[in-house]
Amino acid sequence: MKNSNKYCWIIRKEVTKMRVLKTADYNEMSRKAANIIAAQVITKPDCVLGLATGSSPIGTYKELIRMYENGDLDFSQVKSVNLDEYKGLPRENDQSYYYFMNDNLFNHINIDKANTNVPNGMEPDAEKECARYEELIKSYGGADLQLLGLGHNGHIGFNEPAEQFDKVTHCVDLQPSTIEANKRFFASADDVPKQAYTMGIGTIMNAKKIVVVVSGEDKAEIVKKAFFGPVTPNVPASILQFHPDVTVVCDAAAYSKVEE
Ligand code: GLP
């Protein structure tokens, strides 16, 4: 897998059409991902965007805001569905994914907030909320493009490593490693919610196009496992190798173990 090019595309023809794009750094990763999303919005102005939270997509959202401010993008007809939400966090909590999306994207572009959707973490009836959310996505015809980050344990959305791939939106118990990774955003690990609502792997795989953004050396091991290793529910993101239209945009640090 040695590749000395500074920038490279790897098309994994042996199993899949997955494209893995290596960028110099986080900023280039963000620009590339934003360009792919921009192309989607330009070619289908009333598209459905599946959106993600976490530190990985923040730069991508900044780029989209810049393109909007330059007059190059119009989000007025776009609908959005977010991947996941913590159970039990009110929308006003600055760690809720609802708050994150408004703060990092929706407040800065001309999307109609009535067309933006995040699972309702305050609905205590998990079955009811998950069924409602899955139905809503179905009524939209699924996502045209789904943006994803990658958890250190290979989770996508909040689909944690498991014995099987969960198909639809469901309630999950967060793994200790995920609580540990996300505690940096809370006062302490005890304050991190222990459960979340998340789209299922099946919901994610139904998106017509998928873009994954991954950055940093701490993700290098999981990049290699998820996109170059066997497909297994123990590494949930590995299923993306079977999707017909996935682009992984990862910076050189996240890509570093692939080249070993
Ligand atoms: C979180 C989110 C995921 C996100 C992942 C990685 O727990 N539920 O959607 O992709 O962890 O986050 P980060 O990009 O901050 O590394």
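The values are calculated or read from the model by the stated rules, or taken from the named source; none is laboratory data. Remember, predicted model here, so these are calculated numbers, not experimental data. All Cβ positions, glycine included, derive from the backbone under ideal geometry; neighbour counts span all protein chains shown.
Could you go through the stretch 179-186 and let me know if any residue there is more than 16 Å from the chain's Cα centre (by Cα), within 11 Å of the ligand (Cβ to nearest atom) and closer than 20 Å to Thr232 by Cβ.
The answer is no, given that none of the residues of the stretch 179-186 is more than 16 Å from the chain's Cα centre (by Cα), within 11 Å of the ligand (Cβ to nearest atom) and closer than 20 Å to Thr232 by Cβ.
Considering each residue of the stretch 53-98, count those that are over 20 Å from Thr169 (Cα atoms), aromatic (Phe, Trp, Tyr) and within 14 Å of the ligand (Cβ to nearest atom), and give that number. It would help to see each step written out before you state the result.
Filtering the stretch 53-98 down to residues over 20 Å from Thr169 (Cα atoms) leaves 55-78, 92-95.
Right, trim to aromatic (Phe, Trp, Tyr) and you get 61, 68, 75.
If we keep only those that are within 14 Å of the ligand (Cβ to nearest atom) as well, we get 61.
Counting residues in the stretch 53-98 that are over 20 Å from Thr169 (Cα atoms), aromatic (Phe, Trp, Tyr) and within 14 Å of the ligand (Cβ to nearest atom) gives 1.
Mind telling me which of the residues Asp190, Asp144 ends up being buried (at least 20 other Cβ atoms within 10 Å of the Cβ) and more than 14 Å from the ligand (Cβ to nearest atom)? It would help to see each step written out before you state the result.
On the way: Asp190 fails: buried (at least 20 other Cβ atoms within 10 Å of the Cβ).
Testing whether each residue is buried (at least 20 other Cβ atoms within 10 Å of the Cβ) and more than 14 Å from the ligand (Cβ to nearest atom) leaves just Asp144.
Output the residues belonging to the stretch 171-193 that are touching a residue at least 12 places away in the same chain (Cβ under 8 Å) and either under 17 Å from Asp94 (Cα atoms) or in a helix (DSSP H, G or I) (or both).
Of the stretch 171-193, the ones touching a residue at least 12 places away in the same chain (Cβ under 8 Å) are 171-175, 177-179, 181, 185-186, 192-193.
Result: Ser177, Thr178, Ile179, Ala181, Phe185, Phe186, Val192, Pro193.
For the list (1) at pLDDT below 95; (2) within 16 Å of the ligand (Cβ to nearest atom), I need the number of the one condition that Met101 fails.
Only one criterion in (1) at pLDDT below 95; (2) within 16 Å of the ligand (Cβ to nearest atom) is unmet by Met101, namely (1).
With the structure loaded, tell me whether Leu49 is crowded, with 21+ Cβ neighbours inside 10 Å and out of contact with any Lys or Arg (no Cβ under 9 Å at 6 or more places or on another chain) or whether it fails that test. Before you say what the answer is, go through the steps one by one.
Details: crowded, with 21+ Cβ neighbours inside 10 Å: yes; out of contact with any Lys or Arg (no Cβ under 9 Å at 6 or more places or on another chain): no.
When the stated conditions are applied, Leu49 does not pass them.
Can you find a residue in the stretch 218-237 that is polar (S, T, N, Q), surrounded by 20 or more Cβ atoms within 10 Å (Cβ to Cβ) and either in contact (Cβ under 8 Å) with a residue 60 or more places away in the chain or out of contact with any Ser or Thr (no Cβ under 9 Å at 6 or more places or on another chain) (or both)? Show your work before the answer.
Let us first name the residues in the stretch 218-237 that are polar (S, T, N, Q), namely 232, 234.
Still in the list and also surrounded by 20 or more Cβ atoms within 10 Å (Cβ to Cβ): none.
No; the residues of the stretch 218-237 include none that is polar (S, T, N, Q), surrounded by 20 or more Cβ atoms within 10 Å (Cβ to Cβ) and either in contact (Cβ under 8 Å) with a residue 60 or more places away in the chain or out of contact with any Ser or Thr (no Cβ under 9 Å at 6 or more places or on another chain) (or both).
Of all residues being more than 19 Å from Thr198 (Cβ to Cβ) and out of contact with any strand residue (DSSP E or B) (no Cβ under 8 Å at 6 or more places or on another chain) in the stretch 76-101, which is surrounded by the most Cβ atoms within 10 Å (Cβ to Cβ)? Just the residue, please.
In this case the residue turns out to be Gln77.
Of all residues in the stretch 110-141, how many are in a helix (DSSP H, G or I) and surrounded by 20 or more Cβ atoms within 10 Å (Cβ to Cβ)?
Restricting attention to the stretch 110-141, the residues satisfying the condition of being in a helix (DSSP H, G or I) are 113-115, 126-139.
Adding the requirement that they be surrounded by 20 or more Cβ atoms within 10 Å (Cβ to Cβ) leaves 129-130, 133, 137.
Within the stretch 110-141, residues that are in a helix (DSSP H, G or I) and surrounded by 20 or more Cβ atoms within 10 Å (Cβ to Cβ) number 4.
Of the residues Val258, Val246, Val213, Val192, only one is in contact with a helix residue (DSSP H, G or I) (Cβ under 7 Å, 6 or more places away or on another chain), at pLDDT below 95 and under 24 Å from Met29 (Cβ atoms); which?
On the way: Val246 fails: at pLDDT below 95; Val213 fails: at pLDDT below 95; Val192 fails: under 24 Å from Met29 (Cβ atoms).
Matching residue, one of Val258, Val246, Val213, Val192: Val258.
Please tell me if Phe165 is touching a Leu at 6+ places or on another chain (Cβ under 7 Å) and closer than 16 Å to Thr198 by Cα. Walk me through it before giving the result.
Details: touching a Leu at 6+ places or on another chain (Cβ under 7 Å): no; closer than 16 Å to Thr198 by Cα: yes.
No, not satisfied.
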